[in-house]
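One structure is given below, encoded as structure tokens.
Every read-out reported here was derived from the displayed coordinates using simple, explicitly stated rules and does not represent laboratory data. From a predicted model like this one, the values you see are computed outputs, not experimental measurements. Using ideal geometry, Cβ is built from the backbone for each residue, glycine included, and neighbour counts are taken over all protein chains shown.
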Amino acid sequence: MPELPEVETVRRGLNQLTLNQQITGGDVLLHRTVVYPDSVEKFIEGISKTNITTWHRYGKYLLASLSPVSSLCSSPSYLGVHLRMTGQLLWLHRSEPLHKHTRVRIFFENSLELRFVDQRTFGTMWWVEPELEVEKVITGLAKLAADPFSPEFTVAYLADKLKNSRRPIKTALLDQSIIAGLGNIYADEALFLSGIRPETLCTNLNRGQIEKLHPAIIQVLTKSIEAGGTTFSNFLNVSGVNGNYGGEAWVYNRAAQPCRVCATPIQRTRLAGRSSHFCAECQK
Ligand SMILES: [Zn+2]
């Protein structure tokens, strides 16, 4: 499943490749991929004759602002995309052969195309007309917690969210109502960098530990985004189950291998159904 750093990498790629080119039409091959509006004709009509002015990311939601080409109506509308388990966005020439899991095609001028390919079909798209509030249509946005890269995400925010929880810190970090978009790899890595055992109950964390955890979360995500690359050619593709972090991880997926700091074998446990990796020597 694409995690936050991969979705951020896709956002950057989309901003390099797709802006300020007119959308001329599209084709929805799997109707249920489009959650809103009810009719796929309305969806295609809505996105057509617009330019994408920018792509935003909220948690793992991608949101494009669409500016109408005609000056008669100047309010922007929005195109939302969630990749879920297996969604991929490809930027290619329209003549490229269709992959069998192609769900939605968005046509641009000059025969270019943004193609949504999704094997498991959990991925979704929305077109939100200017009169509507985006959060009312893409309801998941309203439930999102602070994004680790937003100004809202401070030490005080994190301390406040964790102070009354009797859950293990690892489980809390995966809770999307506390931090948006932090997946299993990044939670394990951030806990290693801050020297905290995954099973530590949130209520037992002291201020100093939270002060270490906060920058560690940002650090692991930043490193992974940087590994994802910053230049994009004519092909944009998001995939990867383990993200970009796997090869250089401190603890993730390294059970029984020596800790990179102290050489103690990395341990693996299960917490709330997810595997957790840690060093018993470096993390207390
Ligand atoms: Zn160690």
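Can you tell me the order of 267-275, 4-12 when each peptide is scored by its average per-residue count of other Cβ atoms within 10 angstrom, highest first?
4-12, 267-275
How much of the DSSP bridge set in the chain is antiparallel, in percent, rounded to the nearest 5?
Of those bridges, close to 95 percent are antiparallel.
With Kirkwood's inverse mean 1/r over C-alpha pairs for Rh, give me the Rg to Rh ratio of segment 1-133, two decimals please.
Rg/Rh: 0.93.
Convert each backbone phi in segment 29-44 into a coupling constant with the Karplus relation 6.51 cos²θ - 1.76 cosθ + 1.60 (shift: θ = phi - 60°), then list the ³J(HN,Hα) values in order as whole Hz, x for Gly and Pro.
Those phi angles translate into 8, 10, 4, 6, 5, 8, 7, 8, x, 4, 9, 5, 4, 5, 4, 5 Hz.
Find which of 107, 19, 250 sits farthest along the positive direction of the dipole of the chain, computed with +1 on the beta-carbon of Lys and Arg, -1 on that of Asp and Glu, about the Cα centre.
Checked the options; the winner is 250.
Helix 207-227: angle to the longest alpha-carbon principal axis of the chain, degrees 0 to 90, nearest 10?
40
Among 38, 188, 147, determine the one that fluctuates most according to a GNM of the chain built with springs between C-alpha atoms less than 10 Å apart.
With Cα springs under 10 Å in the chain, the top fluctuation among 38, 188, 147 is at 38.
I'd like to know which of 178, 162, 215 lies farthest towards the positive end of the charge dipole of segment 146-232, counting +1 on Cβ of Lys and Arg and -1 on Cβ of Asp and Glu.
About the Cα centre, the residue reaching furthest to the positive side is 162.
From Cα pairs below 8 angstrom and at least 6 apart in sequence, can you work out the relative contact order of segment 4-59, rounded to a whole percent?
Relative contact order, segment 4-59: 50 percent.
Give me Rg over Rh for segment 68-202, both radii from the alpha carbons and Rh done the Kirkwood way, two decimal places. Please list the in-between numbers first.
Numbers: Rg = 19.9 Å, Rh = 18.2 Å.
Rg/Rh: 1.09.
For segment 133-225, which trypsin sites (Lys or Arg not before Pro) are in a loop by DSSP, counting at most 16 other Cβ atoms within 10 Å?
163, 166
In this model, which of 163/212; 143/163; 100/136; 161/284; 170/223; 136/170 are farther than 26 Å apart at the alpha-carbon?
Correct reply: 100/136; 136/170.
To the nearest 20 debye, what is the magnitude of the charge dipole of the chain about its Cα centre, counting +1 on the Cβ of each Lys and Arg and -1 on the Cβ of each Asp and Glu?
It works out to roughly 1000 debye.
Taking a quarter of the surface of the Cα convex hull of the chain, what do you get in nm²?
The directionally averaged projection comes out at 15.7 nm².
Quote the relative contact order of the chain in percent (integer), defining contacts as alpha-carbon pairs under 8 Å separated by 6+ residues. Don't skip to the end; give the middle numbers.
Numbers: 573 pairs, mean separation 56.8, N = 284.
Worked out over the chain, it gives 20 percent.
Any aspartates and glutamates with Cα under 14 Å of the residue 42 Cα? List them, leaving off those in the same chain fewer than 8 positions away.
Here the aspartates and glutamates satisfying the reach criterion relative to residue 42 are 27, 129.
Given the DSSP H assignment, sum -39500 (n - 2.57) over each helix run of at least 4 residues in the chain and divide by its residue total; what's the result at 222 nm in deg cm²/dmol, nearest 500?
-7500 deg cm²/dmol
Mind listing the long-range amide H neighbours of residue 25? Cut-off is under 5 Å, sequence gap 5 or more, other chains count too, H placed in the peptide plane at 1.01 Å from N.
Result for residue 25 returns 49, 107.
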